Each structure stands twice: as structure tokens, then as C-alpha cells.
Amino acid sequence: MSSSCNHDVFLSFRGEDTRKNFTDHLYKALDQAGIYTFRDDDELARGKEISTELLNAIQESRISIVVFSKGYASSRWCLDELVHIMNCRKTIGHTVYPVFYDVDPSDVRKQSGTFAEAFARHEERFAAEMERVHKWRGALTEAANLSGWDLQSLENGCESRFIEKIVEDVLNKVNYTPLNVAIHPIGIDARVEKMKALLNLGKPDVSIVGIYGMGGIGKTNLAKAIYNQIYDGFEGSCFLLNIKEILEQPNGLVDLQERLLFDILKSKNFKIGNVERGINLIKERFRRKRVLVVLDDVDDLKQVHSLVGNSEWFGSGSRVIVTTRDEHLLTRLGVYGKYKIEELNFEESLQLFSWHAFGMAHPIEDYLELSIGVVKYVQGLPLALEVLGSFLFGRSIIEWKSELEKLHKIPPHQIQKILRISFDSLDDDTVKNIFLDIACFFIGMDKVYASKILNGCGFFPDIGISILIQRSLVTINEKNELRMHDMIRDMGREIVRKESPSNPGKRSRLWFHDDVLNVLNKYMGSEAVEGLILNLLVLDDVHLKTEAFVKIKNLRLLQINGVHLIGCFEHLSKELRWLCWHKCPLKFLPQNFHLENLVVLDMQHSNIKQVWKEIKIVFNKLQVLNLSNSKYLIKSPNFLQVPHLEILILKGCSSLVEVHESIGYMERLVLLNLEECENLRNLPRSISNLKSLETLNLSGCLKIDELPEELGNMTALSELLVDKTSIKQLPFCFGLLKNLKTISLFGCKGKSSKSWLSRFSSWISPKSSNAITLLPASFSGLCYLKSLNLSDCNLCEGGICSDLGSLSSLQNLNLSGNNFLNIPQGISRLPQLRILILNRCTSLQSISELPTSLERLIADHCTSMERLSILSTMKSSLAFYLGNCHRLVEIQGLERLQSSPIFYMEGCNNLSNDSRKNLFQRLFECDELHAIILPDHSTVCCIPFKIYEIGVENGDEIEVSFKVSNNIEVKKCGIHLLVNEPVVLVEFESMVQQVDSDTASARDGTIVRAKRGRDDNEAGPSNDWPNEEKFPKQSKMESEA
């Protein structure tokens, strides 16, 4: 509930029954105890509309005490009041306590006894309003089921003691001191609202909700803030702080159970003795109570089960909040919902840091750049912002610079102590090793690539990385790269540094440039070193002797990009699993370089001419070979030496002229990348034997002019990329590749404009007897194909026949840069098509018969297009990109659309007046935020107030802000308010309230604001479009770029 309550208690009672006796005594007792209590005869002024004021008084009170007496149900006034009280309980967490004064609770609950007599009269009197009567009954039943006080069962019916008990319990409720959140709770309000939505306080069920995230991210502060806002909407509440820490103490779990029972029941007579008795007591005492319980910092499911068990332990409407670093714990617990706390954004971070470093919301001018440096390093971690800000408070610029330099080498102990808890809680050494390897070497690396290395080390990365993600120690971005918060990374690296603070040669992992050079140049290495990376700059010319590796016998991870190694390679570790040697100066790998255990060999941009020369060893463990951009490589290795290879990347090997015939023996190969091998003339026939191959990339192989006729044998192939090759025709067996999901033929001109399509048609729907004999009888087309790129393939009218429509799974189709006049008819029958790209189709005259599944049409620079037809049944999320379609005159079907699409129409200067009018009409009818990019590069954006629940009255101020993308300059922005619903007239006059606009310029993601108060004297039209045609200016925000 809001902290702005005007009363502690609202008293609801039947005046004729108890006003001058029990209720009067209760009111005075509450008042004498300092409990600010509302009752109607004292608080309402004469002549006021009493029902309205009573309703407001209920909402502005923290607690309602409902005194049920024999005549309570006789008063429709009391019953209406009760309905509102119970509604407030559901919607705003209002606390309700029933008092049963000389009436049996079952009579209230079941409407029996005197309550039955009262309802008999109500049902007769309100026969036409039975819904109202049903609400009264429901409110009585619900209220009677709540925990409260019964005069006959407490204090032997003694009113004075009974009243003392009520006052004592209410005092415990209203005298609660809110939990201390943060001194500067920046960004917490929005997160509280999201959590409250997840808690769904109005639902009667019992639910457990989890808050998770990395250490120091603010889980406890968020839980406290939520607790402070909603605790008084429950019959009992308890916040158990630092559970993990308490459980490390003797009898910690029993102590927590006793604390839980005391906080909710307010009784000190609980001496549990053992956990099992505690479980039974909690279940017994809480099963009828609506309670709020917060378990902070949980890392063991047994802890939760011993404290809150399951939903059957608590009364209807109870809520349990669990904070943890372990997302998987919440999954196992079966929580109703999970909320991950993200880092503060840059603005929030700078503000929080400034409060602690300067005592105000922004940095001192001279310290601005230094402050930004701290904020960027910390990356939104509240704990670090507070610790560093407090440490730097009052210090000189010189001290600031010194501390920032130190940060990157030795992170602050106070921060590391908190973050390390997550690492220490990992009970598996292999998972700890995975974490340290990622922190020191693999951040930013593809997850699949890193997993192969870690798996080769015996670390079981599939489950290990999953655990690290669940513990908020590692994340995976949209590119499937391993990521880690910088503070977490530094925590991991600090763990390694402390293995041997003064002698880096005895640490398990070496990544710092100076440490690595020091260890290798001085031969300081030891058997402790397992991983070492050295990335030299372009201008560096470092020569190291192989003797430096003699003592580093357990080295499994080695990256030496740009390094010249001199000496006998037999000195290097035989335990190597990963060798990354970009810009390797060697022409081939030496015979005495023992790589039998190698899993990944990465030698991009090397001088290698031949990988192995006269080596007969078989590298059974090698899974990845990457020789990209090795310009001098003239032939691939004999693949019989690497029978278990899974990934082969020879991208950009411009001197490569042939691929060894033995490639067909690699039964496990799943990816073959030969992109931009410009001098590769053909592929060996044996390549068709690669039954496991999933991706084949030949893009940019300019001299490849055909694919093997047996290509259809590659049954696992799902992605074929042959952009900008000289291929003239695809083999007939192509239709056998039933698992294909992506085909890209960009820039393949073919023999003629129709050769592609006639062949493509034959794959999908063979018609001639000759085609039928080439395809299996069960062939039903490329039924799994999702993406097809035929851009710049010189296709003309009729080049794509209607059989294209049988691609039932196709989602993305790119036909850009072709020469047809109309889009192929078959496109309209593609049931899953989401994106259609027609850029630079300069002969295209019209677009019609689009599939109803389409979400995005991209047709920029279609300079001959005059008409676009839209179906009324198309998706609501549809967007049209029609930039520089200079001849576009008409958009048909706008007026029939059931949705409001988004249009980008820069340079469409010839659009008819009717089409323009329909565009605006659709814009202003929508209930969501929508925009149109106009031909003059300005943007019209409609912001419907009703979806944001904004009530605007005369004299109100409105502030609108938006964020622009990088490299965009906003020259002018403004707001135009609609007085009423827009009515666009033929003359383009409309009911508009124009407000003067702020002028502003913004670049690089700056927030731009326009803020004005409403002035009824200001009105009128605004700027015109090109060609002097006037258009309505409702709600226009110009952002001229």
C-alpha cells in the first residue's frame, strides 16, 4: 500500500448496535494508543455526500476493522461499505480484520441466524438488483473467513480484555518500522512496479515469486522496497535477511523458523527445538492466514522447504518472495514467476555514483570524464557504484586517477568479497575451472567454439556453462557469445592472482601482457600454469624461445598471436587442447610439435603454405581447424590425418586452388567454409560423401561454376551459401536436400534470366517425365526451407513460376535487384512468409496479392512502382519500407485495414491526396504508439493518451521524451495536442490543439524533450509537405534528420 495513508484504522460498524458501547470503547482505546482511527460520526462534516467520503476514507486507511454485530446485515449502508473494503483488499492490499461481537462467525460466513433474516428482507426489497445482493453475500463470506477476533472465544467474553487484545495486535501492525532500503534508491521504483505486477496481489491463490541476479545487483534492496509497500496488506509478514549467512551458525535453521513464527504470530512462546517440529508448527499456524514471507539470499532448496514448504502451508492470497543468485533453484522450486534484476543503465549509474562521490545527482564538472570512466568500468553494478563513490568522495583528481589505474589490476576487496560468494558456492571443481577459463580467456568467444575446447579438457561444459548462467556468473548474448560482467571477470582473475601474488609463474592462468612476457623471458614458468595468452599489437616484434615452455608441462590453453617462436617445438606441452596462433610466421608446422591432444587449431592470417609436411601422425582429437585468411595456403591438408574434424574454415585463403580428395572421409564434418577462396576452381567429387555436413559456404568462390551432381547425397545439409559464384545451373539432385533451411544465391546471374526458375520449379513440383525419374517418389518439395535469397540473379517477368508457393515453411524471401514487372503470383500462397525484400527492383510496377502472414515489406528504390495493394486481413505488426519509390501514387486497401501498420516513406513525393489522407486516418485511429516517416524525412508520431492512462486538463504540463539512434541529428521537435478525436476533412482541417514546440538538437542517443503547458489560445496548422499540399498536423513530433 501507499505510504500516504491518512488514517491507521477505518472502523466499520452498525451504529444502532455498537456506536455507544463496544465501538465507542474500542475507538477510545485505539485513540489513546496513538492509533489514528476514522469513524463516520467524528470525521464527516454535515451536508457532505457521506458515501463518497466514506469510500475515500477506506482507501486512505491502512487497516479496516469490521465489527460484525447481530444487526450488521440489516444495513445496506454497512454492506455496501463492506463490499468496497473487500475490493480494496484485492486491489491495493488493504488489510481487513473482522471482529465478531456477540455473533457467531458461521452466521456471518453462511448468512444464517439474524443474517438470514436480514437477507430475506433484502432479496424482497432489491429483487431487481440481485447482483448487488450477491456481492453483499460474497463480501460477508470472504470477510468472515479472515483471521480476526471473536468475543466469545477470547478473554471469556470480557470486553475490556478483548479490546486490549485488539489494540495490542493493531499496534504491532501500525508500529512496524519500514526496512531500510538504499540511501539513494536510484532506479528502484520502476523495478518495484514490475515485481508488483508479477506478484499479482489481487489473485486469491498462493504464489512464490523469485528475484535473481548477480551479487551486488540489488536483490535485497528491491525485496525490501516491495515489502515496505505491500506488507500491511497481509495478516502477517516476515522478512528473513541473509539466510545463507545465518544457516552457517549452529541451529541456524531453527532460529529462522522461530523468527518466522514470532514475526507473523507476534508471540514469544515458540521454542521449537528441532526443524521437523518447526515445519509442523508453521504449517499448522499459517494455513488460514494471508501472509507475506521474504526469504533473502537463499542458495539451498532444503532451506526453502523447511521455511515455506509449499502453497498448502498458507492461507489464500499469501505471497512468498525468494531472492537468490541461482536461477535454477527457482526453477526447481516451481515459482510462479521469476524476475531478473538487470544492471542500472548509464544515466542511473552516473546518478547513483554521483550521490556517493559528490553528494549530489551529477558529477562536479572537473570530475566528469573521470566519473564516466568509473561508471563505464562498473557497468551498472549498484554495489560497486556505492563502494567506489564513497571511497572517492572528497579525494583529489590525482587520487582519482591513481585509483582508476589500480582498479583494473586489483579490484576493491569489499566488492570482491560479495561477488566471490557465488564462486565459492560452486561445489564442483570442473565448474570452477570453466568459470576461471572464461574469465581469463574466453569472454566474447562463441559458446560452441569454447565448449569444444573445454570439453577437450574434460570439463563437461554443457552442464557447467548452464550452471554458471543460472548462478548469474556468465551470460550468452544474441550472437551466442560468452559474456561476463567486468566486475565478475575481475573477481575471477583476482582469484587466480591470489594463487601466487608475487610470482605470476606459479599461477594457473596468465593473461596480463606484462606478466606473460616476464614469465617467458625469464623462464619463470611452472607446472602450475594451465593457460597462457599473449596478443601482440601490429607493431610489436616479439621473438620468444621455445625453452621458456620447458617447465610449463601442464599447459592446455595457448594463444600466442603474432609471436615468433624460436627453437625446438618439442619443449612445448604435450597437453595442449587449444592452440590459437594468429599471424603465425611458420610455413608449416614442425614435425616435433606434439599436438596429439589438440582439439582446436586456430591459425588465422598465418603464413602457412601447408599445414603438415611429411607428418604421418593422426590427430584423432582435433575437431576444429581454422586457417582463415592464410593467403599463402595453396592446398588443404590430407584429411586422413584428422578423421574426427567437425569444423573446417578456410575462408579467404585466396591462393588455395584445390581441396584434397580425402575430405570425403570426414564423417563428422558439420561445417565447411570456403568463402572467398577466389582461386578455387572445383570441388572434389568426394565432397558429396559428407553425410553429416550441415553448412556449406562457397560464397565469393569466383571460379566455382558447378556443384557436384551427387550433391543430393548430403542429406544433413541445412544451409547452402553460394553468393557471387560462377555457378550456371544447380544439379537436378538438388531437390533431394530435404533438410535445407537456408539457400542464398545472391549475385548468381546464371545462363539466362529463366534458367534459375525453370530449374527451381523442377525441384519443387516436377512436371516432365524426365524430371520425375530424377527425383524420389516420396519427394514432396523443400518443405523445411525458411530463407531464400535470389537477389541480383537477373530474373525477369515469369522467371519465378507459381510453384514457388509450395514452399510451405518459407519465412524470408529476398528478390532484390531483379527485373520483373510484378511480383510472382506464387508468393501470395506462401503461408509462413514474414519478410519480403524487393529493394532495387527498378522495373517493378506494382505490388499486390501479398500473403496475409507478411510482417515486413522492404521495397526501397523501386523507382517504377506506382501502386501498392494491401489486404484487410494482414497482420497488425506489419511494416512497410518504401523509401525513394518516387512514382508511388496509390496505396490501396488502407481504409479497410483492421490494423495500423508502420510506414517509412522517405522520398515518396507523388502519393495521391486520398492515400495520404488514409495514412493519417489510420495513424490516429490506432490504440498503440505508431509513426510514419514522411517524404521530407520528418516523423509523425501518434501517442494515444488512453493507453498510458494520462488525464490531461487545462493548465497541465506534458513532457514527452524520446531517444534517437546514433548518427541522427534532431533539429526540431514539437507536440500538437488533439482537442477531440481527430476528424480528417477533405480540406485537411482538423480539431487540433497546437502547442509551441521546443527546438533542440541531439546526436548519438541523446534524449530529446518537448515540454509545454496547455494554452487554449494557441491553435493552428503547422509545416507543409513538399509540393505545397497541406496535411493535418495532429500530434506531430518532427525529427528532421
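Quick notes on this one:
- Computed over the alpha-carbon atoms, the stretch 188-340 gives an Rg to Rh ratio of 0.93, Rh here being the Kirkwood radius from the mean inverse distance.
- Solvent exposure, largest accessible area first (probe 1.4 Å, DNA, RNA and ligands not counted), of His25, His94, His564: His25, His564, His94
- Rounded to the nearest 10 Å², the accessible area of Leu510 at probe 1.4 Å: 0
- The figure for Leu330 is an accessible area of roughly 0 square angstrom, using a 1.4 Å probe on the protein chains alone.
- Heavy-atom accessible surface of Lys553, to the nearest 10 Å², is about 120 Å², with a 1.4 Å probe and all protein chains retained.
- Amide proton proximity set for Val96, modelled H, under 5 Å, gap of 5+: Ser64
- A simple spin-label model places the labels of Asn620 and Glu60 8.4 nm from each other, with each point 7 Å out along Cα-to-Cβ.
- Relative contact order for the stretch 289-413, counting Cα pairs under 8 Å that sit 6 or more residues apart, in percent: 21
- Cα gyration tensor shape for the stretch 411-499, rounded if a/c is under 1.5, else prolate or oblate: prolate
- Relative packing of 788-794, 179-185, which averages over residues the other C-beta atoms within 10 Å, highest first: 788-794, 179-185
- Placing R0 at 45 angstrom, the Cβ-Cβ distance between Lys90 and Asp462 gives a FRET efficiency of 0.50 after rounding to 0.05.
- In order along the stretch 253-259, phi translates into HN-Hα couplings of 5, 5, 4, 5, 5, 5, 5 Hz, rounded to whole numbers, per the Karplus curve 6.51 cos²θ - 1.76 cosθ + 1.60 with θ = phi - 60° and x for Gly and Pro.
- Two-site label geometry, Lys302 and Glu706: point separation in nm, points 7 Å out along Cα→Cβ: 7.1
- Where Thr52, Thr220 fall by accessible area, highest first, once all protein chains stay in place (1.4 Å): Thr52, Thr220
- The loop-placed GluC sites (Glu not before Pro) in the stretch 46-130, going by DSSP, that have at most 16 neighbouring Cβ atoms within 10 Å of their Cβ come out as Glu49, Glu60.
- Global form of the stretch 334-436, assessed from the alpha-carbon gyration tensor, a/c cut-off 1.5: oblate
- Residues Ser853, Ser112 ordered from highest to lowest accessible area at a 1.4 Å probe: Ser112, Ser853.
- Computed from the C-beta positions of Glu276 and Cys158, the FRET efficiency with R₀ = 41 Å rounds to 0.65.
- Residue-normalised accessible area of the stretch 508-576, expressed per residue, 1.4 Å probe, Å²: 46
- The GluC sites (Glu not before Pro) found in the stretch 422-524 that occupy coil by DSSP, while having at most 12 further C-beta atoms within 10 Å, are Glu478.
- Across the cross-link table entries Lys28/Lys165; Lys338/Lys432; Lys196/Lys338; Lys587/Lys616, which are compared at the Cα atoms, the separations over 21 Å belong to Lys338/Lys432.
- Mean separation of Cα contacts under 8 Å (6+ apart) over length of the stretch 581-752, as relative contact order %: 13
The values are calculated or read from the model by the stated rules, or taken from the named source; none is laboratory data. None of the values given here were measured: they were computed from a predicted structure. Counting neighbours? That spans all protein chains shown, and the Cβs are built from the backbone with ideal geometry, glycine included. All accessible areas refer to the heavy atoms of the entire protein, side chains included, with ligands and DNA or RNA removed. Shrake-Rupley method; radii C 1.70, N 1.55, O 1.52, S 1.80 Å.
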